[in-house]
1. Please indicate, with yes or no, whether at least one residue in the range 157-180 is under 24 Å from residue 134 (Cβ atoms), modelled with pLDDT of 95 or more and assigned to a helix (DSSP H, G or I).
2. Name every residue in the range 106-123 that is closer than 15 Å to residue 35 by Cα and either touching a helix residue (DSSP H, G or I) at 6+ places or on another chain (Cβ under 6 Å) or not in a helix (DSSP H, G or I) (or both), in order of residue number.
3. Conditions: (1) touching a residue at least 60 places away in the same chain (Cβ under 8 Å); (2) assigned to a helix (DSSP H, G or I); (3) in contact with a helix residue (DSSP H, G or I) (Cβ under 8 Å, 6 or more places away or on another chain). Residue 192 meets all but one. Number of the miss?
4. Taking residue 149 as meeting all but one of (1) more than 30 Å from residue 191 (Cα to Cα); (2) more than 23 Å from the chain's Cα centre (by Cα); (3) surrounded by 12 or more Cβ atoms within 10 Å (Cβ to Cβ), write down the number of the exception.
5. Within the range 195-206, restricting attention to residues that are under 15 Å from residue 127 (Cα atoms) and in contact (Cβ under 8 Å) with a residue 40 or more places away in the chain, which residue is surrounded by the fewest Cβ atoms within 10 Å (Cβ to Cβ)?
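The values are calculated or read from the model by the stated rules, or taken from the named source; none is laboratory data. In this text the structure is predicted, and so the values were computed from the model without any measurement. Here the Cβ positions follow ideal geometry from the backbone for every residue, glycine too, while neighbour counts run over all protein chains shown.
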């Protein structure tokens with residue numbers, strides 16, 4: 001009965017989801033990250049292009065209404081002044097200077113944004129490489145732990161047989177049973193750690209679904 005209980009608990013632990021390498025290739029992850037960063041930069045630059053559309057208005061003269069008196073000769077020869085409102089047009093050199101200054105500011109901001117985006121791109125790819133290296137080490141560690149745990153499982157089968165045959169006492173058997181099950185839990189948790197890291201890498205690369 002005790003043997004059946006141990007085998008049942010072991011099978012339940014073994015049946016829990018464990019992490020295998022579920023990541024796309026490194027090239028695919030880097031390509032997805034590059035695509036996202038390119039689209040992000042294009043969207044940011046589009047804001048400057050939108051704000052630049054009305055710049056041509058700076059080159060138009062100002063139109064208004066003036067009340068400049070105009071002298072006119074009446075029928076009787078008298079000089080009269082006509083104060084009726086008339087349209088006026090004015091143009092200032094400062095309008096052109098403001099427009100050119102605005103063009104330079106927008107151009108400088110675009111160049112600054114592009115330069116900053118290039119640095120961020122390089123940094124993001126380095127971080128992705130770092131996480132992929134960490135993932136490879138964790139996979140190696142997990143595989144080694146599973147091999148060790150398989151040896152422990154085989155040893156525990158022998159210990160279980162000795163206990164069932166009453167060759168060892170419960171005081172000798174139970175600590176070994178506990179150690180074996182704790183080892184199973186450690187391997188399971190390492191598998192979950194690998195799975196969590198794979199999710200973080202997908203988010204980092206903006207690769208959230210298989211292509």
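1. Pass one, the range 157-180, residues under 24 Å from residue 134 (Cβ atoms): none.
No, the range 157-180 contains no residue that is under 24 Å from residue 134 (Cβ atoms), modelled with pLDDT of 95 or more and assigned to a helix (DSSP H, G or I).
2. Across the range 106-123, the qualifying residues are 117, 121.
3. Among (1) touching a residue at least 60 places away in the same chain (Cβ under 8 Å); (2) assigned to a helix (DSSP H, G or I); (3) in contact with a helix residue (DSSP H, G or I) (Cβ under 8 Å, 6 or more places away or on another chain), residue 192 violates only (3).
4. (1)
5. It comes out as 200.
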